[in-house]
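All remarks here apply to the structure that follows.
The values are calculated or read from the model by the stated rules, or taken from the named source; none is laboratory data. Note that the structure is predicted; figures quoted are calculated from it, not measured. Cβ placement follows ideal geometry from the backbone for every residue including glycine, while neighbour counts extend to all protein chains displayed. Surface accessibility is based on the protein's heavy atoms, side chains included, excluding ligands, DNA and RNA. Shrake-Rupley method; radii C 1.70, N 1.55, O 1.52, S 1.80 Å.
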Amino acid sequence: MKIFAKCLHTERRSAGLYRTDFLLKVLYSMIAMYGVRSLWTALYAQDPAIVGRPLPSMITYAMLAVALDIIFYPSALSTAPQNYISQQVRTGRIDTDLLRPVDLQQQLLARNGGAAAFGALWLVMPAWLLSVLFLGMELPPSLFHGAAFLFSGVLSFLILFSLNFLLGMVCFVTTEIRQITMAYSGILTILSGKLIPNWLYPEWMQALINVLPFRCIFETPLSIYIGAVGNYEILCSLVLQAAWAGILLLLGKIMWLGVHRRLAVQGG
Amino acid sequence: MITVKNLRKTYKIAKPQEGRFATLKSLVRPRYEERRAVDGIDFTINDGEMVGYIGQNGAGKSTTIKMLSGILVPTAGEVSVNGLTPHKDRREHLRGIGVVFGQKTSLWWDVPVIDSLNILKEMYRVDDARFRKNLEMFTDLLDLGPFLEQPVRQLSLGQRVRADLAAALMHDPKTLFLDEPTIGVDVIAKERLREFITEINRERGVTVLLTTHDVVDMEKMVKRVIVINAGQILYDGSMLGLRERYGGEDADIEDIVREIYREGGKTA
Ligand SMILES: Nc1ncnc2c1ncn2[C@@H]1O[C@H](COP(=O)(O)OP(=O)(O)O)[C@@H](O)[C@H]1O
Ligand SMILES: [Mg+2]
């Protein structure tokens, strides 16, 4: 936990060091938000049935997805587990990670979590505020929905982190992970509800998506935010998210134990 | 205290297979070649000693250091460092040692040095007062001031090794393992590193095991050397004894080392 706080602090300091970069990110997210807003407005004008939701809700959903993507976007951060692990494996520095008295998964969770928390506070918050003021972003329907959204967002991060960590474990099997990463990003984009909310997919696809963890990353928190789900369903989806987070973290831990044992026997 | 008894490490190296379906064969039933990196060594190093560990490239020095650090599991034999078995009591062991690899940094590549130190502080649970005191002392002795705010990837080799040394000592380890800390460092910077390591050994009583190819390092820093060749110990004793045995009192150390390596090459 303290490591996490230190990492948050580190990120804040480096944002201060690279101020233009930081401002560009906020600007970029505003432009991207404006873009998705125009897109859905145009679609809605053609045929409201395509969208399947009131326009303001849909716009809110899409813009918030853009904002969340700033902190979740996998290749953006050097602390993202798959990026860090592939770098350490490629350079042979993975040895040095074994010298720490803290487990690699925990190290990375603290560091990546610090970076994400920074992104949430200093990038998403301003972008959200600006879009509420100028782009017609709605507020959540109730305080409960707002709180549930925040909680769900944390769980989203944990799920995404553990999937990324699992992807990082692949580095130990094949040193080249670019192609796998590309496939993975594609799957995330399509199945997480980041671009297209699940209710717009045909039914068989919705059935598939429902049994996969990806939708928990974007769709779950965003649906909560726009009030598309009732109180009881909110609780259910939070439990589902927590279950996925737990399972995937555990799976990552088990894989890491295996990898670690192999490293300790065979050398880096 | 460090004790090593009949310590061995054999690496398995996957052997490329020939003939048809070579790739398939190597997947289904991989064949291995064995390489004895450390082949039955014994030594004891007492608390507060500073020992040089020398030998040709590939002699098994880094492999020994990795086993002493607990990141590599021995194939056979016993290791004990400060009463612990490194690969078994990993976490506790790691809190009591510092390790520097001259060839690769153990600091986070994209993170400013001071932030790396701060994150390590939490990992090793160093209290504030001790951290501040150590930081002040190391900044002074190693002249870290000018580059504390820079990320490691921007540092020169000499600066990087100094940062790594400070990081390895922040948690006041009892034992320090240095694997070629002076490699590639310029003469002046080397001089400063030597003074620092000597001071740490003398003033703080830190036990130091150090590998090097630099004969000046040996002459200036250590009283005792262990010479290893092809995984076996050729000589373990004082620098004085080394001179007497291999060339007389005023013989050049460089000549002596060359002589030993040649001799070892014959017997190996
Ligand atoms: N991870 C590894 N897998 C296979 N062989 C290795 C590995 N690491 C080292 N070796 C081999 O073990 C021997 C000793 O290497 P090392 O301990 O690095 O020597 P030194 O540090 O003295 O130069 C060398 O022959 C080297 O090729
Ligand atoms: Mg070596």
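Worth a mention:
- For residue B:176, residues with placed amide H under 5 Å, excluding near neighbours: B:98, B:207, B:208, B:209
- Heavy atoms of the protein chains alone define the surface here; on that basis chain A has 47 Å² accessible area per residue at 1.4 Å probe size.
- Average beta-carbon neighbours from other chains, 10 Å sphere, peptide B:95-103: 2
- Shape of chain B, Cα gyration tensor, a/c cut at 1.5: oblate
- Dipole of the range B:46-263, positive end: most advanced residue of B:188, B:165, B:86 [Cβ charges, Cα centre]: B:86
- Per-peptide packing, taken as the mean over residues of other Cβ atoms within 10 Å, places B:249-258, B:46-55 in the sequence B:46-55, B:249-258 from highest down.
- For residue B:224, the residues whose amide H sits under 5 Å from its own are B:52, B:239, ignoring neighbours fewer than 5 places away on the same chain, with H placed 1.01 Å from N.
- Ordered from longest to shortest, the equivalent ellipsoid semi-axes for the range B:160-226 are 17, 15, 10 Å, each the square root of 5 times a Cα gyration tensor eigenvalue.
- Ordering A:43, A:162, A:267 by the projection of their Cα atoms onto the charge dipole of chain A, which places +1 on the Cβ of Lys and Arg and -1 on the Cβ of Asp and Glu, puts A:267 at the extreme positive end.
- When the Cα positions of B:240, A:205, B:53 are compared along the charge dipole of the protein assembly as shown, A:205 comes out farthest toward the positive end, with charges on each C-beta of Lys, Arg, Asp and Glu.
- With all protein chains kept in place, the per residue accessible area of the range B:129-223 amounts to 42 square angstrom at a probe of 1.4 angstrom.
- Rg/Rg_globular for the protein assembly as shown, with Rg_globular taken as 2.2 N^0.38 Å and Rg from C-alpha atoms: 1.17
- Rounded to the nearest 20 debye, dipole of the range A:1-104 from Cβ charges on Lys, Arg, Asp, Glu: 340 debye
- Counting only alpha carbon atoms, the long axis of helix A:2-17 and the longest principal axis of chain A meet at about 70°.
- DSSP beta bridges in the protein assembly as shown [antiparallel fraction, %, rounded to 5]: 60 percent
- Accessible surface buried upon A-B contact (total; probe 1.4 Å; Å², nearest 100): 3000 Å²
- Carbon plus sulfur fraction of accessible area for the range A:30-96, probe 1.4 Å, in percent: 62 percent
- The mean accessible area for residues of the range B:1-115, using a 1.4 Å probe and ignoring ligands and nucleic acids, is 49 Å² per residue.
- Relative contact order for the range B:1-87: 42 percent, from Cα pairs under 8 Å spaced at least 6 residues apart, divided by residue count.
- Magnitude of the charge dipole for chain B, about its Cα centre and with charges confined to Cβ atoms of Lys, Arg (+1) and Asp, Glu (-1), is about 1500 debye.
- Placed amide H near residue B:126: partners under 5 Å, 5+ positions off or other chain: none
- The order of the peptides B:152-164, B:127-139, A:223-235, A:58-70 by mean Cβ neighbours within 10 Å, most packed first, is A:58-70, B:152-164, A:223-235, B:127-139.
- The count of lysine pairs in the range B:23-162 whose Cα atoms are under 17 Å apart, excluding pairs fewer than 8 places apart on the same chain, comes to 4.
- Accessible surface of the range B:46-263 [probe 1.4 Å, protein heavy atoms]: carbon and sulfur percent: 45 percent
- Residue-averaged beta-carbon neighbours from other chains (10 angstrom radius) around B:106-115: 5
- Overall form of the range B:1-119 per C-alpha gyration tensor (a/c, 1.5; a/b vs b/c): oblate
- Counting Cβ atoms of other protein chains within 10 Å of each Cβ in A:200-213 and taking the mean gives 0.
- Basic side chains Lys and Arg get +1 at the Cβ, acidic Asp and Glu get -1 at the Cβ, and with that the dipole of chain A about its Cα centre reaches some 820 debye.
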